[in-house]
Amino acid sequence: GDDLLAVAHEYDIDLEGACEGSIACSTCHVIMEPDMYDKLEEPGDDENDMLDLAFGLTDTSRLGCQVK
Ligand code: FES
């Protein structure tokens with residue numbers, strides 16, 4: 001897919017994605033710039049549940065694999 005995780009890998013950015021985008025981990029946690037965050041669709045319930053478990057959660061946290 002063309003999600004942020006896939007793009008990061010394409011550019012050799014070391015973003016982890018242990019569950020390959022199935023919203024079953026929080027290793028792909030990314031902190032977005034506020035501008036960027038505002039442009040994205042709201043995270044879904046599944047994503048929010050996982051984000052609650054992410055280390056260093058912020059107001060602009062997302063799961064990288066869910067950011068399209
Ligand atoms: Fe597991 Fe994103 S890769 S939730």
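Taking all Cα pairs closer than 8 Å and separated by 6 or more residues, the relative contact order of the chain comes to 43 percent.
Protein heavy-atom accessible surface, 1.4 Å probe, per residue over the chain: 69 Å². In the chain, the portion of solvent-accessible area held by carbon and sulfur atoms comes to 47 percent [1.4 Å probe, whole percent, DNA, RNA and ligands not counted].
The values are calculated or read from the model by the stated rules, or taken from the named source; none is laboratory data. Quick caveat, the model's predicted, so the values are computed rather than measured. Remember, those area values only see protein heavy atoms, side chains included, never the ligands or the DNA or RNA. Shrake-Rupley method; radii C 1.70, N 1.55, O 1.52, S 1.80 Å.
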